Amino acid sequence: MLEITPRDRLIFPLDLPDWVTARKMAHSLNGHVGWFKVGLELFIAEGPSVLARLRELAPETKIFLDLKLHDIPTTVGLAMAAAARLKPDMITVHAQGGVAMMRAAVERAEKTLVLAVTVLTSLNPVVLEELTPACQASGALVAILAARAGQAGCGGLVASGQEARFLKATFPQLRLIIPGIRPAWAQVAGDDQQRTATPAQAVRAGADYLVIGRPIREARDPAEAADRISVELA
Ligand code: C5P
């Protein structure tokens, strides 16, 4: 198997309002990250054709379609069939939708790897305690959801750096995608991420891929910030 390079691990979310700004950013980061993530904002603003446009602009960069699907199994299965026609390399569903929903997604995903989002990295332990008192802390909830995702045949998990070590040890066959990454040198104004880790901490703990948005996007030179992270990882 080919060795994964630090750059291959970097997923840059194109969290931007339209194709004009997304194209500019994708152009500057082309060759500096392994993946572009298309999330709800850009997908809703520009529609499915944004994937083909991105592929034309950066054919070597993989595409992660982060729609975080969460509905009844039939609806998610049909939505997944439509999404699979766009041929993203990875796509997300919410593990909280349950095993039947995740299984319906996996069955219709064709070659796209289905990732299960466990607990959003923006939720802190206080909010989690309110939502799921029985689970006490996010760790317990993440463990339950990850096991369900594995049962349903998902190929990977999205979780925080704080759960990475446990998840990699328990589910070594699942790809681990970690958002909420904050390099020590990055300051994000009004940051909503709560359960964060530095790139090196996350990889040491077992992350296969890192989603890093604002620390790169808000840097004076985004390509240089991405390279700096790759060097730190190397
Ligand atoms: O690095 P930054 O906080 O800007 O990254 C934000 C991105 O991470 C968003 O695209 C968001 O959807 C994604 N994400 C997240 N937490 C999750 C899953 C994805 O923040 N659990």
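Here are a few things to note about the model shown:
- Yes/no for Val188 being among the aliphatic types (A, V, I, L, M), assigned to a helix (DSSP H, G or I) and either closer than 19 Å to Lys37 by Cβ or more than 10 Å from the ligand (Cβ to nearest atom) (or both): no
For (1) closer than 20 Å to Gln193 by Cβ; (2) open to solvent by less than 40 Å² (accessible area, probe 1.4 Å); (3) at pLDDT below 95, each residue gets a yes or a no:
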residue	(1), (2), (3)
Leu78	no, no, no
Leu86	no, no, no
Ala116	yes, yes, no
Glu130	yes, no, yes
Pro133	no, no, yes
Ala137	yes, no, yes
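- When residues of region 16-50 are limited to those that are aromatic (Phe, Trp, Tyr) and part of a strand (DSSP E or B), the one surrounded by the most Cβ atoms within 10 Å (Cβ to Cβ): Phe36
- The residues of region 199-234 that are within 12 Å of the ligand (Cβ to nearest atom) and part of a loop (DSSP other than H, G, I, E, B), listed by number, are Ile212, Gly213, Glu218, Ala219.
- Against the list (1) open to solvent by 50 Å² or more (accessible area, probe 1.4 Å); (2) within 14 Å of the ligand (Cβ to nearest atom), the condition Ile72 fails is (2).
- Every condition in (1) within 11 Å of the ligand (Cβ to nearest atom); (2) open to solvent by 20 Å² or more (accessible area, probe 1.4 Å); (3) under 14 Å from the mean Cα position of the chain (by Cα); (4) over 23 Å from Ala26 (Cα atoms) holds for Pro179 except the one numbered (4).
- Any hit, region 105-113, residues being under 23 Å from Pro172 (Cα atoms) and in contact with a Ser or Thr (Cβ under 7 Å, 6 or more places away or on another chain): no
The values are calculated or read from the model by the stated rules, or taken from the named source; none is laboratory data. Note that this is a predicted model, so its numbers are computed, not measured. Counting neighbours? That spans all protein chains shown, and the Cβs are built from the backbone with ideal geometry, glycine included. In case anyone asks, the SASA skips ligands and DNA or RNA and just uses the protein heavy atoms, side chains included. Shrake-Rupley method; radii C 1.70, N 1.55, O 1.52, S 1.80 Å.
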